[in-house]
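J.: So that we are looking at the same thing, I have put the structure below in structure tokens.
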There are 2 protein chains.
Amino acid sequence: MTATATSNTSTIANELVNLCRQGRNDDAIDRFYSRDIVSIESVGTPEMPAEIKGIDAVKKKNDWWTENNEVHVVQVNGPFVGDDQFAVQYTFDTTFKPTGQRTQLSEMALYRLKDGKIVEEQFFYHIPGA
Amino acid sequence: MTATATSNTSTIANELVNLCRQGRNDDAIDRFYSRDIVSIESVGTPEMPAEIKGIDAVKKKNDWWTENNEVHVVQVNGPFVGDDQFAVQYTFDTTFKPTGQRTQLSEMALYRLKDGKIVEEQFFYHIPGA
């Protein structure tokens, strides 16, 4: 680990978290995501495969999520900073509009940087009471 | 966030990771865990509730896991350092001895510090191919 690498990672991590706390996730993507971003969910569904590639596919996924979920609370905890990776904890209280089911869910996102851009995001889940 | 808090967190996080890389998890628990540690799994089982309290219960849980799993590979990635919290990614390739089922599993552990001791550990899962 080098001090410079960690400092760059810390700067991007803190700026991403600040944008997400303001609900400006789209701005965070435009600013920090590589065009070749790989996004890895824990579990795929028929509508959404577990691994998707490219910034347009990630934006489409986020739009789908926003359109289909009523968000009651989002909490952003972190960032947690490594060398060329950082993690953020997101806690959601949402209602999935198609079914009306309300869910509390906490996830860790682990981001990997290359040449100052986020090239991979991977999600890990905790479902309270599951 | 204060520089001192982050520095203390970084020191403990790196020492814990170093011990875990050597397979010395018991030493990490003895050295850094509060006697009143709270350990939160994502999902409970009849043998092991989702939330357990106290250093003896955590050691018992770890012993149960070690006795019941044949470990092929463990990878430790991190640490990822925040103010009074840090995260570590663990990737396991294990066979659960009672069933013979082999599983690849990746998890993020999020640790919370108070007065220089780990008072909470929480686990978030990613199961490739699930």
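A quick yes/no check of all residues on (1) among the hydroxyl-bearing types (Ser, Thr, Tyr); (2) modelled with pLDDT under 90; (3) more than 12 Å from the chain's Cα centre (by Cα); (4) under 22 Å from A:Ser42 (Cβ atoms):
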site	(1), (2), (3), (4)
B:Ile40	no, no, no, yes
B:Lys59	no, no, no, no
B:Asp83	no, no, yes, no
B:Gly100	no, no, yes, no
B:Gln122	no, no, no, yes
B:Gly129	no, yes, yes, yes
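J.: Next question, about the same structure. For the range B:30-45, state whether one or more residues are part of a helix (DSSP H, G or I) and open to solvent by 20 Å² or more (accessible area, probe 1.4 Å).
T.: Taking the range B:30-45 first, the residues part of a helix (DSSP H, G or I) are B:30-32.
Retained after the next criterion (residues that are open to solvent by 20 Å² or more (accessible area, probe 1.4 Å)): B:30-31.
The answer is yes, given that some residue of the range B:30-45 is part of a helix (DSSP H, G or I) and open to solvent by 20 Å² or more (accessible area, probe 1.4 Å).
J.: Continuing with this model, one more query. Just the residues that are free of Cβ contacts under 8 Å to residues at least 60 places away in the same chain, in a strand (DSSP E or B) and surrounded by fewer than 21 Cβ atoms within 10 Å (Cβ to Cβ), please, taken from the range A:110-130.
T.: Selection gives A:Arg112 alone.
Residue-by-condition table, conditions (1) over 15 Å from the mean Cα position of the chain (by Cα); (2) within 12 Å of chain A (Cβ to nearest Cβ):
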position	(1), (2)
B:Trp64	no, no
B:Val71	yes, no
B:Ser106	no, yes
B:Leu113	no, no
B:His126	no, yes
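J.: Tell me, please, whether a residue that is free of Cβ contacts under 8 Å to residues at least 60 places away in the same chain, farther than 30 Å from B:Thr11 by Cβ and in a loop (DSSP other than H, G, I, E, B) can be found in the range A:74-95.
T.: No.
J.: When the range B:10-58 is examined, which residues are found to be in contact (Cβ under 8 Å) with a residue 24 or more places away in the chain and out of contact with any strand residue (DSSP E or B) (no Cβ under 9 Å at 6 or more places or on another chain)?
T.: Within the range B:10-58, B:Asn25, B:Asp26 qualify.
The values are calculated or read from the model by the stated rules, or taken from the named source; none is laboratory data. This is a predicted model, so every value here is computed, not measured. Please note: Cβ atoms are built from the backbone with ideal geometry, for glycine as well, and neighbour counts cover all protein chains shown. Side chains included, ligands, DNA and RNA excluded: accessible areas come from the protein's heavy atoms. Shrake-Rupley method; radii C 1.70, N 1.55, O 1.52, S 1.80 Å.
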